[in-house]
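Written out below as structure tokens is the structure these notes cover.
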Amino acid sequence: MATYNGTSMSGASALVKSLEASGVEVAFGIPGGAVLPLYDPLFDSKLRHILVRHEQGAGHAATGYAQVTGRAGVCIATSGPGATNLVTPLADAAMDSVPLVAITGQVPSAAIGTDAFQEADIRGITMPFTKHNFLVTNPNDIPRAIAEAFYIATSGRPGPVLVDVSKDALQAQTTFDFPSSISLAGYNPQIAPTNQAIEDAAALIARSSKPVFYVGGGVIKANAHRELLELAELLGAPVVTTLMALGSFPGSHPLHLGMPGMHGTVAAVTSLQKADLLITLGARFDDRVTGKLSTFAQNAKIIHADIDPAEISKNRFADVPIIGDLKVTIKALIPALTKALAKNRPDLTPWLRQMNSLRDKYPLGFDNPPDGAVSPQSVIQRIGKISDPDTIYVAGVGQHQMWASQFVSYEKPRTWLNSGGLGTMGYAVPAAMGAKVAAPDTTVWAIDGDGCFQMTNQELTTCALNNIPIKVAIINNESLGMVRQWQTLFYESRYSNTNLESKRVPNFPMLAEAMGCVGLSCDRPEDVDKTIEKAMSINDQPVVVDFRVHRDAMVWPMVAAGASNDDIQIARQTAPDWDSQEL
Amino acid sequence: MSKHTLAVLVENSPGVLARVAGLFSRRAYNIESLAVGPTENSAISRITLVIDVQKHALEQVIRQLDKLINVIHIAELTSEDSIQSELLLVKISATDKNRFDVDAVVETYEAKIVDQDGTSVTVEATGEPSKLEDLLKALEKFGVIELVQSGLVALERGSTALSDRTLSPQSIPTADDGGQADYQN
């Protein structure tokens, strides 16, 4: 692209050329007044632009694309409401460290600050949840801003970057000058950890008899799953993977104890509580994992490896902090630990025996509904069994999300996408669309709730028109299910405003058909497999299946919000039988 | 809790102060005082912050500030290793009757009178916050009509500048030679 350097063109053309120079192949967006000049040269670009139906869909689609590829997802919106509709996906991407570049049109620079038509201070609005953002009013600044945006979004701890460009800057002429390198005085992420940190960590691990690998989404971001497997097998310690880390370690591996946290397995939660050392890799001691922080892993020393120094000792003091890229970190840790273990190899057998016995005694499970209705967990479990192993699963937020995290075994990274930090209902359909664009030959299942689905399903039209044949399983319990579960448990079963009546209205299969998809329905347990198989057989159109499931199913185990992990319950009012455990 | 003075070098670009102020607000850190101004380098502004936090929180503040792309360098300055000063302008009631007493206080604190009419004088003073506090106490008895105080500014002792050791960023090649880094390995 540098071949265009020195060429005279409009700011808009310079922006398109800069996107191409940054390696962008796909962008999701909607044109509008202020961004119109950009859409003119975009019309001629080899860059694929997918015209979505709502800017929120563009943002989540870019996120899904980024989560599957590891590259920055790109979304485009116009000024004002177009830009503010990106706010939720930007906040979502910030919480889950997703590399995103959002381009927004802005009113002409002379009109900025005058409350002009469709003016919104999107730079100001998005400051709290973008990694960085730009307002560009000079066409000469466009290539550098775009180059910096991609660099910032994808390097260090990834995150969303917004570039707001005024309409006059898009229209004015400039001489294209894409920078060959970037130097930012205030941004220089540390990639290599210090030798001292690695040595200290190895020494501490070799002195521990109850270590656990507490693995977060950072391992996937850093593409360090192979290194993690090697490290875990080298030590032979149990591994827990957070909601954001599912797939970073094979779900079926004998060392895997499952997911920790509010709806984690008894074994995973207990392993953290009883450990003498947490080897924390790219995780951030989120409240949904720690429960009541003061009672979390009270006997454990903490090794905390992360590329973001601000995560170190933010929620939990780190005895050994390691700042750096996780791939580099784990690669360095393997020989250091090999050496340390050669001197002193603690016997982890009793610890592993305890944890394995917990895992065997308290596996994830569910009861079939008493009324013979379809069990939501079984639908998700069967989808996981019937679909091929490369399948990408994308969940919304709520009960179905937790069941999808529990009842599908994730063997590979980037096969499980969800909104972990922000908990964005409506994430699944557009994110699945982005995932399918990124991996067109892979089956993409959106596991969605009937509540979530009604927030963003218009993107099925986009999927139908653009040959993006995703599959959507609506786990239809005609409720805001997780909210209803909390009402059952904590609000005396007073179901205030959680009844969506979605078994009456809308008719999901008809809605799907109206948007150019195949609509299927299933309300009998014996039809679950063949309905999934039918959905699997359709690959030239998006498919939506309305699985009409039992309403009162709940997600277990559960650590109530603000409670200690020690108070995990495996069913209502039922704690694990600790007395029979030798812990 | 204890007070800490941070010198923050930032890019001189629009919106930087909003980023810093917004960070403090959304993470519930308390700013005691804040002063912003130009530096010897026209591309760089300097923000001096005084915050009242515990040691652990101070590290968080510094690390969170450091994540802002426009923030170039952060240094904690102590009263031992730096010169720290505030500016105070205070308007007090002063007539011929008590003017002699006012002048005596002003002189004791090495302040000066920068404006006066028949009924009031305006006193200007600079110095460490404790000195200005004492001065204000001494002036209170005359009757304070209005006062304004700047944020604290601080400069390291000795011959070096903060910017000397921070302004040599490394250069990163852009994606031009083959697209974004390939993570599909």
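Each reported figure results from applying straightforward, stated rules to the coordinates on display, with no laboratory input. Predicted, not measured: the structure shown is a model, and the values here were computed from it. Note: ideal-geometry Cβ built from the backbone for every residue, glycine included; neighbour counts use all protein chains shown.
Could you give the length gained on full extension between A:R48 and A:N299, defined as 0.36 nm per residue of separation minus the Cα-Cα distance, in nm? Each step should come with its number before you reach the end.
Details: separation 251, 0.36 × 251 = 90.36 nm, distance 5.30 nm.
85.1 nm is the gain from fully extending A:R48 to A:N299.
Across peptide A:292-305, what mean number of C-beta atoms from other chains lies inside 10 Å of a residue's C-beta?
Working: counts 0, 0, 0, 0, 0, 0, 0, 0, 0, 0, 0, 0, 0, 0.
Mean number of neighbouring Cβ atoms from other chains: 0.
Rounded to the nearest 5, what % of the DSSP beta bridges within the protein assembly as shown are antiparallel ones? Please report the intermediate quantities before stating the final value.
Values: 53 of 118 bridges.
Rounded to the nearest five, the antiparallel share is 45 percent.
Which semi-axis lengths, in whole Å and largest first, follow from the square roots of five times the eigenvalues of the Cα gyration tensor of region A:504-582? Provide the component values of the computation, followed by the final result.
Working: eigenvalues 316, 44, 30 Å².
Taking √(5λ) for each Cα gyration eigenvalue gives 40, 15, 12 Å.
Skipping prolines and chain starts, which residues have an amide H placed within reach, meaning under 5 Å, of the one on A:V101, given they are 5 or more residues away or on another chain?
Residues meeting the amide H criterion: A:G73, A:V74, A:C75, A:V161.
Run the simple label-point estimate for A:T7 and A:Y491 please: 7 Å along Cα→C-beta, distance reported in nm.
Placing both labels 7 Å beyond Cα along the Cβ direction yields 5.8 nm.
Name the residue from B:I92, A:A435, B:V148 whose Cα lies farthest towards the positive end of the charge dipole of the protein assembly as shown, charges +1 on Cβ of Lys and Arg and -1 on Cβ of Asp and Glu.
Going by the Cα projections, it comes out as A:A435.
Under Stokes-Einstein, with the Kirkwood radius over Cα pairs standing in for Rh, what whole-number D in µm²/s applies to the protein assembly as shown at 4 °C and 1.567 mPa s? Don't jump to the answer; show the numbers that get you there.
Numbers: Rh = 28.6 Å.
So the translational diffusion coefficient is about 45 µm²/s.
Work out the mean other chain Cβ neighbour count within 10 Å for the residues of A:122-131 and drop it here as an integer.
Working: counts 0, 4, 4, 0, 0, 8, 6, 1, 1, 3.
For peptide A:122-131, the averaged partner shielding equals 3.
So between B:E140 and B:Q54, what do we pick up on full extension, going 0.36 nm a residue minus the alpha carbon distance?
Extra length from B:E140 to B:Q54 when fully extended: 27.7 nm.
With the contact rule set at Cα under 8 Å and sequence spacing of 6 or more, what percent relative contact order holds for chain A?
On the way: 1358 pairs, mean separation 80.0, N = 583.
Rounded, it is 14 percent for chain A.
Can you give the charge dipole size of region A:43-97 about its Cα centre, rounded to the nearest 20 debye, using +1 on the beta carbon of Lys and Arg and -1 on the beta carbon of Asp and Glu? Working shown, then result.
Numbers: 4 positive and 4 negative charges, 42 e Å.
It works out to roughly 200 debye.
Please give the charge dipole size of the protein assembly as shown, origin at the Cα centre, charges +1 on K and R Cβ atoms and -1 on D and E Cβ atoms. Round to the nearest 20 debye.
Around 1620 debye, computed over the protein assembly as shown.
What's the Cα-based Rg to Rh of region A:276-380, Rh via Kirkwood?
On the way: Rg = 19.0 Å, Rh = 17.2 Å.
That ratio is 1.11, to two decimals.
Leaving out same-chain residues fewer than 8 places away, which aspartates and glutamates sit with a Cα under 18 Å from that of A:K221?
List returned: A:D92, A:D96, A:E230, A:D286, A:D306, A:D308, A:E311, A:D325, A:E411, B:D182.
Between A:E230 and B:D101, what is the label-point separation in nm under the 7 Å Cα-to-beta-carbon projection?
8.2
A:Q458 to B:R26: FRET efficiency via 1/(1 + (r/R0)^6), r the Cβ-Cβ distance, R0 41 Å, to the nearest 0.05? Walk me through the numbers on the way to the answer.
Numbers: r = 32 Å, r/R0 = 0.77.
E between A:Q458 and B:R26, to the nearest 0.05, is 0.80.
Can you give me the Cα centroid spacing of region A:345-406 and region A:443-500 in angstrom?
20
Below 29 Å, Cα to Cα, which lysines can A:K343 reach? Residues fewer than 8 away in the same chain don't count.
The qualifying lysines are A:K210, A:K274, A:K301, A:K327, A:K331.
State whether region A:72-216 is rounded, prolate or oblate according to the following rule on the C-alpha gyration tensor (a ≥ b ≥ c being the square roots of its eigenvalues): a/c under 1.5 gives rounded; otherwise a/b larger than b/c gives prolate, and the remaining case gives oblate. Working shown, then result.
Numbers: a/c = 3.80, a/b = 2.08, b/c = 1.82.
Prolate.
For chain B, what is the convex hull (Cα atoms) projected area averaged across all directions, in square nanometres?
Details: hull surface 62.1 nm².
Average projection, Cα convex hull of chain B: 15.5 nm².
Using helices alone, I'd like the mean residue ellipticity at 222 nm for chain A: each DSSP H run of four-plus residues gives -39500 (n - 2.57), total over residue count, nearest 500. Numbers along the way, then the final one.
Values: 23 runs with 212 residues, N = 583.
Calculated mean residue ellipticity at 222 nm is -10500 deg cm²/dmol.
Pairs of Cα atoms under 8 Å, at least six residues apart: use those to get the relative contact order of chain B, whole percent.
On the way: 293 pairs, mean separation 45.2, N = 185.
Reported relative contact order: 24 percent.
Considering region A:195-361, what Rg and Dmax in Å follow from its alpha-carbon atoms?
Over region A:195-361's Cα set, Rg and Dmax evaluate to 14.1, 41 Å.
In sequence order, what are the phi-derived ³J(HN,Hα) couplings for region A:74-81 according to the Karplus relation 6.51 cos²θ - 1.76 cosθ + 1.60 with θ = phi - 60°, rounded to whole Hz, with x for glycine and proline?
10, 10, 10, 8, 8, 5, x, x
Hey, how many Å between the Cα centroid of region A:530-554 and the Cα centroid of region A:133-190?
43
What is the spin-label model distance, in nm, from A:N188 to B:T39 if the labels are put 7 Å beyond Cα along the C-beta direction?
Once both label points are built, they end up 1.4 nm from each other.
Compute the signed sum of charges (Lys and Arg +1, Asp and Glu -1) over the other residues within less than 15 Å, Cβ to Cβ, of B:E146. Please list the in-between numbers first.
Working: positive: B:K91; negative: B:D115, B:D117, B:E124, B:E140.
So the surrounding residues net to -3.
From the convex hull of the Cα coordinates of region A:376-548, what is the mean projected area in square nanometres? Please list the in-between numbers first.
Details: hull surface 37.8 nm².
The number I arrive at for region A:376-548 is 9.4 nm².
Compute the FRET efficiency between A:W578 and B:D81 as 1/(1 + (r/R0)^6), taking r as their Cβ-Cβ distance and R0 = 45 Å, and round to the nearest 0.05. Write down the numbers at each step before the final one.
Values: r = 55 Å, r/R0 = 1.21.
The value I calculate is 0.25.
Averaged across the residues of B:56-65, what count of C-beta atoms belonging to other chains lies within 10 Å of each residue's C-beta? If you can, show how the numbers build up before the last one.
Numbers: counts 3, 0, 0, 5, 4, 1, 2, 8, 4, 1.
So the per-residue partner count for this stretch is 3.
Rounded, prolate or oblate, given the Cα gyration tensor of region A:164-258, with a/c below 1.5 counting as rounded? Could the numbers behind the result be given before it?
Details: a/c = 4.05, a/b = 2.21, b/c = 1.83.
It is prolate, given that a/c is not under 1.5 and a/b is the larger ratio.
Under 1.5 on a/c is rounded, so check that first for region B:83-153, then, if it is not, pick prolate when a/b is larger than b/c and oblate when it is not; a ≥ b ≥ c are the square roots of the alpha carbon gyration tensor eigenvalues.
In terms of gyration-tensor shape, prolate.
More than 21 Å apart: what percent of Cα pairs in region A:2-175 qualify? All intermediate terms of the calculation are to be shown ahead of the outcome.
Working: 5885 of 15051 pairs.
When every Cα pair of region A:2-175 is considered, 39 percent fall beyond 21 Å.
Could you give me the percent of Cα pairs per 10 Å distance bin for region B:2-77, shortest bin first, beginning at zero and ending with the bin that holds the maximum distance?
Using 10 Å bins, I get a P(r) of 19, 60, 19, 1 for region B:2-77.
Within the set B:K97/B:K137; A:K412/B:K67; A:K436/B:K67; A:K471/A:K503; A:K385/A:K471, which residue pairs have Cα atoms separated by over 23 Å? Present the calculation step by step, with values, prior to reporting the outcome.
On the way: B:K97/B:K137 20 Å; A:K412/B:K67 31 Å; A:K436/B:K67 33 Å; A:K471/A:K503 20 Å; A:K385/A:K471 15 Å.
Long pairs (Cα-Cα over 23 Å): A:K412/B:K67; A:K436/B:K67.
On a C-alpha basis, how far is the centre of region B:51-91 from the centre of region A:39-78 in Å? Whole number, if you could?
Each part's Cα centre sits 40 Å from the other's.
Which value, in debye to the nearest 20, describes the size of the charge dipole of region A:374-509 about its Cα centre when Lys and Arg Cβ atoms bear +1, Asp and Glu Cβ atoms bear -1, and nothing else is charged?
Details: 10 positive and 10 negative charges, 26 e Å.
That gives region A:374-509 a dipole magnitude of about 120 debye.
Applying the Karplus parametrisation 6.51 cos²θ - 1.76 cosθ + 1.60 with θ = phi - 60° to the phi angles of region A:43-56, what ³J(HN,Hα) value in whole Hz is obtained for each residue in order, glycine and proline being reported as x?
In residue order, the calculated couplings are 4, 9, 7, 6, 5, 7, 9, 9, 7, 8, 9, 7, 4, 4 Hz.
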